[in-house]
Structure formats: structure tokens, C-alpha cells
Amino acid sequence: ASRGMQASRSMQTVWERVRAEPYVAGHWTALVRTAEGTEDLAEIRKAFDGLLDRFPLCYGFWKKYADLERRLGGDAGADAALGVYERGAQAVPESVDLWVNYAALLAEARPEDADAIRTVYERAVEGAGLDYLAHPLWAAYATFEQRAGGARAALAVYRRGLMVHLKDLRVLLDKALQLARESPAEDVLAAWGVEGAGGAEETHEAAVARAQAWADRTAADNERCVPFEGHIRRPHFHWIPLDSAQLGAWHDYLDAEIAWARTAPADGRGPDAPVGYAPATPAARVHALFRRCLVACASYGAYWLRYADWLAADGADEAASAQVLERGALRFARQHAGLALAHALASESRGDAAGALAAYDLLTQAGDAAGGTEPPEHWAEACVARAHASRRLQRAGAWPPEGAEADPFAHMARAAAKAAALV
């Protein structure tokens, strides 16, 4: 009983710290460590749910949460762990490790449901399959298909993987060639499109040559990316700030990929591509690189702005660019003034007056809550921008939007009073 009371007091103490300073990551990690020590699933769930609501891109905590659900959840543990992985996959679909562990647990818990496992793998390659470090995902998918769908299905997965710019492309190639040599000729024919001009030996040799040609072409195309990948030291999210060299490395990589995409063939193949070669399009590769970048650099508004600008320039619909601005401004880089203002203007241009004001209020309310002797940077700029937006809405007959005050300039009076109080 005394141990339980002590654990309860410890939990209360760390929760008080978290509530007082919710943006301090160290308080959250102390909270989940303390909750783990109780081995009380209710406490563990509350702690992990809170941390992952605040920091949803932390793959390691999703895995730890799933492991705890499985270990402590009894007969329902595996299903609960799968539920955690599903939430994680929706929060950070760019995580190779998360998808690999999700699919592995699903295959272990429900080995008879091949369709469900295959669906998870397909979602995985859609979300993370173009990652430079995605070799384990492609290898795991092919291994699953070899068991569930046979050699033909596995070879088809390998074919797709050999056209992705992977760090360990040669490892994947070796696995693919070994399976091709061990498989019936008809399976190789169907999966790799090799014409059976001779016997089984000739078919296998033709298959080996074709797969080798695909991998060679991919590796040649990948040479320009290898130096940039070598400068990316932290491809995952962490709340510890990135240094200027790392931030610059992402900008340089994006510059290079965007410049290449402008001149590359639209289908990514080129006139001298090997037979059957069908890589991701240049646009898809730029998208994938931006998505990777926005995991590692989620806290930096400049990258969200850059992605939104690229989407608009690439001819994407306005909604796609607006969604990027909204996700960055409301979820990950809340204190970046330029991002908040861009999101506000985009919302206003789409006729979402309430959304526009809410975006401006991200910064003005931060100033109201800041306390201290000075308002935060760009607070005054945000107040003025909100006033201009209010005037535009009033002139357009769109005032007041839902939830707004009747007086479009009431916030300016509060801002002036705050500024006077700080003088």
C-alpha cells in the first residue's frame, strides 16, 4: 500500500510539472518514465497519450507505448498494441521503423489475415517507401509476400524496390536475384516481364540481367543524392534544436532535388532507361523529400512555407498548399510568425474568415499569455495584420464570422492596453 501511495504521489508531482510547463519535453519524458514504473496501464496510457499528443512525430515513443500495451494488456494486449501502431502510422506515416514493426506485429498476431497485412505494407510503401533508408521496409514486404503470396508476389515487390533510391539498394538486389534463381521460370516471367526465349536457365539469366540493369540505373541516378544524404545526421524528429549546419543541409538538398526535377523527364525514366524501368516521378520524389524534411525539421516554419510554395508552383490545387500551411502553423511551428500569417492569408483567400482570425490569434494570444516585460517577437505585427483582415472582412460584409466579437477591432483595444502596461 505504501509503495502504491508513493507511486501515486510521484505521478501527481510529475503531472503538476507537465501542466505548469507543457512545452518542456523533459517533463513529459519524466512523466512516461514514472508511469512505466507503476506498470498501471491506465497511468501509462494517460501519460503516453499526453506526450504523443504534444509530440506526435516521436516514433520511439509510439513503439514503447505499443510494447507496453502488449506486455501488460493480457489477452487483449496484441490488439491494443496494434491500435497504438495504427495511431502512430497516421501521425507519422514517413517512419520506416514504425511501419516495419506495425506489419511484423500484425503478421504475428493475425497470420491468417494476409490481406490486412498486405494493406499495411502498401500503406507503408506509400508513406515511406521512397525514403533513402527504406530498405528494411521493402525487404520485409518481399519476405512477407514470399510466405503469403509466393515467389511471384515477392519478386513483384522486389521489382518495385529496385527502382527506389535506397542506401542499401545492393542488399535488396542480392535478395531479389537469389529468389529469382530459386524460383520457377514462369514466376520470374510474370513478375519481371522477361520473355521466355529459351529454357529455364536462359530465362533466369535474362531475369538477372534485367534486375541488374534496373538497379544499376537506380544507383546511377542516386549518385547525385548520396552526398546530400551523407550530411543528414538526424533524419527523425527530436525536440532538441537542429544546428545551422543541419538546417542548411536540408535546404541544400531540397534546392538540388527541385532543380533536378525541373529538367528531368516527367516520368523519371529518360530515353535510355532499361526495359521495364518505372521509377517514381521527379515530382513524387520532391514530395517525399519534403515530407522527410518536415519530420526532422517540423519545428521550423521556413520548411513548411517552402513546401507550401513548391506545391503552389508545381500546380497542385490550392487546398493542398493550404493544408500544409495549416498543419505547420497549428500543429508544429506555432510560434513562427511568417507561417502563421501565411496560413491566415490563405484561409482568408479561401473565404474561411473564422479560420483566418484563428490563425492571427495564434500570435496575438501568445502575446496576451506571455506575461513578462515584453511581448513575443512579431506580436505587434500580428495584431496589425489581424486588424487589416478584420477591416477587409467588414468591407466585404463578412463580419462577424462565427465565434468573433461584434466589434472587429476589440482585440486592438486589448493590445493597446497590454502595450501600455508593458511600457
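Values computed for the structure shown
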{"quantity": "Between helix 59-72 and the chain: long-axis angle, C-alpha atoms, 0 to 90°, nearest 10", "calculated": "80 degrees"}
{"quantity": "Residue-averaged 222 nm ellipticity for the chain, from DSSP H runs of 4+ at -39500 (n - 2.57), nearest 500", "calculated": "-23000 deg cm²/dmol"}
{"quantity": "Length gained when the stretch Ala116-Arg350 is fully extended (0.36 nm per residue, less Cα-Cα span)", "calculated": "80.4 nm"}
{"quantity": "Positive-end residue, the chain charge dipole about Cα centroid, Cβ charges, pick of Ala313, Pro227, Ala337", "calculated": "Ala337"}
{"quantity": "Cα gyration tensor category, rounded, prolate or oblate, for the chain with a/c compared to 1.5", "calculated": "oblate"}
{"quantity": "Carbon plus sulfur fraction of accessible area for region 179-336, probe 1.4 Å, in percent", "calculated": "55 percent"}
{"quantity": "1.4 Å probe accessible area per residue over the chain, in Å²", "calculated": "48 Å²"}
{"quantity": "Protection-proxy order for peptides 105-115, 341-351, each taking the mean of Cβ atoms within 10 Å per residue, highest first", "calculated": "341-351, 105-115"}
{"quantity": "Area of Glu205 that stays accessible when all protein chains are in place (1.4 Å probe, Å², to 10)", "calculated": "110 Å²"}
{"quantity": "Calculated FRET value between Val384 and Arg87, using beta carbons and R₀ = 41 Å, to 0.05", "calculated": "0.55"}
{"quantity": "Rounded FRET efficiency, nearest 0.05, which uses the C-beta distance separating Glu205 from Ala283 and R0 of 35 Å", "calculated": "0.45"}
{"quantity": "Centroid-to-centroid separation of region 1-56 and region 266-311 [C-alpha atoms, Å]", "calculated": "39 Å"}
{"quantity": "Centroid-to-centroid separation of region 81-113 and region 126-190 [C-alpha atoms, Å]", "calculated": "20 Å"}
{"quantity": "Built amide H within the under 5 Å cut-off of Ala333, gap 5+", "calculated": "none"}
{"quantity": "Sulfur and carbon atoms: percent of accessible area, region 1-123 [1.4 Å]", "calculated": "48 percent"}
{"quantity": "Backbone N under 11 Å from the Thr263 label point (7 Å along Cα→Cβ), restricted to region 282-297", "calculated": "none"}
{"quantity": "Listed residues Ala114, Trp138, Val157: farthest to the positive end of the dipole of region 112-219 (Cβ charges)", "calculated": "Trp138"}
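The values are calculated or read from the model by the stated rules, or taken from the named source; none is laboratory data. These numbers were taken from a predicted model, which means no experiment stands behind them. Using ideal geometry, Cβ is built from the backbone for each residue, glycine included, and neighbour counts are taken over all protein chains shown. Side chains included, ligands, DNA and RNA excluded: accessible areas come from the protein's heavy atoms. Shrake-Rupley method; radii C 1.70, N 1.55, O 1.52, S 1.80 Å.
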